[in-house]
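Worksheet: the structure to be examined is printed underneath.
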Amino acid sequence: MDMSPRQVILMVILLSWGGCIGFGVWAGIEWYAIYASSTAKYASRWCRVTSTTMDSWRYCPPRGGRCKEVQLPKVLVTVIDDLRSSGSPVYAHRFRESLSSDEFTSYPHGPRHWLNEFHPRADVPCWQDIYNPDVVKLSEEKAVNAAGNGIFVKPVAVSIAAVPVFGMAMFLTWTVWRHSSIGDGSSEDAVPLNGGAWPRGVQVQPPNGAAWPHGVQVQPP
């Protein structure tokens, strides 16, 4: 499908704003995870281990760089004196799930070694989020304190990556608006400057292919 230059520019503007919104939402999720980890209130509980599992996926930095495999150890537990009425098994993590992968959290001997410390039917101390009891963690320490400044690398990187996308969207929007404003001039714009005459052979056409209003004469004074 053939597209005019104006349609191409409009498409680029829409994609730029879409990317800007996407990066903004992504950065917001990352920052909220840190905020929730820092402000959550937990009730001390005991959990009975049912089983363990390891999730893994590939992560590629938003601004380029080498992709790597990320591991997230998970422990399926039943919370004793559960704050939830159902009392069903729930996955517990070292900290909150979003901050417990080895992308953010350092496991001295690796995630697998940490996971092997939990055995089925064993009772272990755990902490349950008072206001969001589906969140159960297996370390009393907060992720922000354990991970240090490294926990801020990803949200900061995503926020920085959003800046040029936002700048391009603003620039293209301003450029199109500016040219649209210039192109909306009235019929008086067809009069030569300084009272001069039109050069020989020049045809003065109305803007946007429209017709000159009735009674308007386009000629030198």
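The values are calculated or read from the model by the stated rules, or taken from the named source; none is laboratory data. Bear in mind that the values here come from a model prediction, so they are computed numbers and not experimental data. Cβ: placed from backbone, ideal geometry, glycine included. Neighbour counts: every protein chain shown.
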Would a scan of the range 51-69 turn up a residue that is in a loop (DSSP other than H, G, I, E, B), surrounded by 12 or more Cβ atoms within 10 Å (Cβ to Cβ), modelled with pLDDT under 90 and in contact with a helix residue (DSSP H, G or I) (Cβ under 8 Å, 6 or more places away or on another chain)? yes
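Might you let me know whether the range 126-146 holds any residue that is of a type in the set (Ser, Thr, Tyr) and either at pLDDT 90 or above or closer than 29 Å to PRO73 by Cα (or both)? Step through it out loud before you land on a result.
First pass over the range 126-146, keeping only residues of a type in the set (Ser, Thr, Tyr): 131, 139.
Retained after the next criterion (residues that are either at pLDDT 90 or above or closer than 29 Å to PRO73 by Cα (or both)): 131, 139.
Yes, the range 126-146 has at least one match.
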